[in-house]
Structure formats: C-alpha cells, structure tokens
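S.K.: The following block contains the structure, expressed as structure tokens.
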Amino acid sequence: MSLTQLLVPTYTQMLGALSNWLKKAQSQLPDDEAQALLSARLAPDMFPLSTQVRFACVQAQEAVHRLQGEALPASIKEMLDEGRNAGESPGTFAEAQARIEETLALLSGLAFDALDAQADKPLVHELPNGMILDLTAEQYARDWTLGQFYFHIMTAYSILRSEKVELGKADYVAHLFPYIRPETLPKG
C-alpha cells in the first residue's frame, strides 16, 4: 500500500468523524457549556480539546508537506501556536471546524500518488524539545505521524466522552458502516 493510500483516507475519515463529534457536542449542550468543552482536558498537564483538534490537523498537514519534500507553510506554525496557547484562548467551534475543513481541502486536492515519490528518502524530523528523529519517509508516516494523529483524535474523543457528550463506538467507526452486510444488522 502506498503512503498516499494509507494516510489520506485515514486522515479524511477520522477528521470527518471529529467534525461530527464536535457538531454532536454543540447540538447536545447549551452554547455556554459547549463552548466550555473547548477548554476541557483529560488531565491538568494535558492540552485541552481545542488543542487536540488543531494538533490532529497539524499532523495531517505536516505529513502532506514533509512527504512531498516541501517546506512547512506558515499556517502550520500558526496552528501549533494556537494549540499551545489554547489554555488561555481556546477559540470557537467555528474556528475548530474551519481548521478541519482546511485540512480536508488540502487532502482532497492531492494526486493519487502525491506522497509516494520519496518513500525511501531520509527524513529529518526535529521535535520542539530539540530531539531529532532520523527516519525514512515511510517510517515517518507509519511510526510517527499516524500514531501522533490518532493520539490527538482519540484524546479529543475521550475529552468529549468524559464531559458527557453522547458518543459511542459507532461515532468512532462510522466510516465502516458501508462494509456491514445488511442482513447482519440488529433487528429493531
């Protein structure tokens, strides 16, 4: 499987799910309570929901640019800064949805093999704490970006669940519904 075939559907499906979870949260709660969710955290030393949304988008966008051998655009640094400062300024649901939509637009504009040309090329990934990872593009996709992306998606889901938003496994795996054999659906 190519990197494009692996990453783009995964990012697209899960960001679509994240967008739907945010919509559910807004529909289930009064406006002030919904807005407060953006500041909710699983633990005091973890980033809030609004950061998890931004960082999931960062992982997808950063992977697209890195795997194409491109410099990261200023918008990624902007999103990282928004995420790091979200404790004081969480933003709004509209802003969170806009970040998801921007990321989905980037993904939808990619060619079928856009991320595959440099799969064996060395990729240097410097972390904010100064550590440097030496990976191939394939290792970066498989071992770094997918894990980081799912961490932020799952943390967002967990924050929403912990704050009593009615979500279930079906919300997490909605992209699998087309594969269900109709005759195996529960009755009633």
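The values are calculated or read from the model by the stated rules, or taken from the named source; none is laboratory data. Every value quoted in this text rests on a predicted model; they were computed, and no experiment measured them. As a convention, Cβ positions derive from the backbone with ideal geometry for all residues, glycine included, and neighbour counts pool all protein chains shown. Ligands, DNA and RNA are excluded from the accessible area calculation, which covers all protein heavy atoms including side chains. Shrake-Rupley method; radii C 1.70, N 1.55, O 1.52, S 1.80 Å.
S.K.: Take Gly130 and decide whether it is open to solvent by 30 Å² or more (accessible area, probe 1.4 Å) and farther than 30 Å from Gln26 by Cβ.
M.R.: In short, yes.
S.K.: Which residue pairs have Cβ atoms closer than 9 Å, lie 6 or more positions apart in sequence or on different chains, and pair a first residue in segment 68-82 that is under 19 Å from Ala119 (Cβ atoms) and assigned to a loop (DSSP other than H, G, I, E, B) with a second residue that is open to solvent by 70 Å² or more (accessible area, probe 1.4 Å) and of a type outside the set (A, V, I, L, M, F, W, C)?
M.R.: Gly69/Lys121
S.K.: Residue check, Arg54 against (1) open to solvent by 50 Å² or more (accessible area, probe 1.4 Å); (2) charged (D, E, K, R); (3) in contact with a helix residue (DSSP H, G or I) (Cβ under 7 Å, 6 or more places away or on another chain), all met but one. Which one?
M.R.: Single failed check for Arg54: (1).
S.K.: If you check Gly87 against the conditions, is it in contact with a Leu (Cβ under 8 Å, 6 or more places away or on another chain), free of Cβ contacts under 8 Å to residues at least 60 places away in the same chain and not acidic (Asp, Glu)?
M.R.: So Gly87 does not fit the description; no.
S.K.: Does Leu160 satisfy being in contact (Cβ under 8 Å) with a residue 24 or more places away in the chain, assigned to a helix (DSSP H, G or I), over 17 Å from Ala34 (Cα atoms) and in contact with a Leu (Cβ under 8 Å, 6 or more places away or on another chain)?
M.R.: Spelling it out, it is not the case that Leu160 is in contact (Cβ under 8 Å) with a residue 24 or more places away in the chain, assigned to a helix (DSSP H, G or I), over 17 Å from Ala34 (Cα atoms) and in contact with a Leu (Cβ under 8 Å, 6 or more places away or on another chain).
S.K.: Hey, could you check segment 87-101 for residues that are part of a helix (DSSP H, G or I) and open to solvent by 50 Å² or more (accessible area, probe 1.4 Å) and say which is nearest to Glu33 (Cα to Cα)?
M.R.: The extreme case among them is Ala94.
S.K.: Right, next: In the set Leu67, Leu104, Leu72, which member is surrounded by 15 or more Cβ atoms within 10 Å (Cβ to Cβ), in contact with a helix residue (DSSP H, G or I) (Cβ under 9 Å, 6 or more places away or on another chain) and over 20 Å from Lys23 (Cα atoms)?
M.R.: Result: Leu67 is the single residue among Leu67, Leu104, Leu72 that is surrounded by 15 or more Cβ atoms within 10 Å (Cβ to Cβ), in contact with a helix residue (DSSP H, G or I) (Cβ under 9 Å, 6 or more places away or on another chain) and over 20 Å from Lys23 (Cα atoms).
S.K.: Name the pairs: first residue in segment 26-48 and at positive phi, second residue hydroxyl-bearing (Ser, Thr, Tyr) and in a loop (DSSP other than H, G, I, E, B), Cβ to Cβ under 8 Å, at least 6 apart or on different chains?
M.R.: Listed pairs, sorted by first residue: none to list.
S.K.: Another one. Which one of these is part of a strand (DSSP E or B) and in contact (Cβ under 8 Å) with a residue 24 or more places away in the chain: Leu123, Leu133, Leu146, Leu110?
M.R.: Leu123
S.K.: Please work out which residue is surrounded by the most Cβ atoms within 10 Å (Cβ to Cβ), limiting yourself to segment 1-44 and to residues that are under 22 Å from Trp144 (Cβ atoms) and not hydrophobic (A, V, I, L, M, F, W, C).
M.R.: Checking each candidate, the answer is Tyr11.
S.K.: Look through Leu146, Leu160, Leu185, Leu167 and report the one residue that is on the phi < 0 side of the Ramachandran plot and open to solvent by 80 Å² or more (accessible area, probe 1.4 Å).
M.R.: Testing whether each residue is on the phi < 0 side of the Ramachandran plot and open to solvent by 80 Å² or more (accessible area, probe 1.4 Å) leaves just Leu185.
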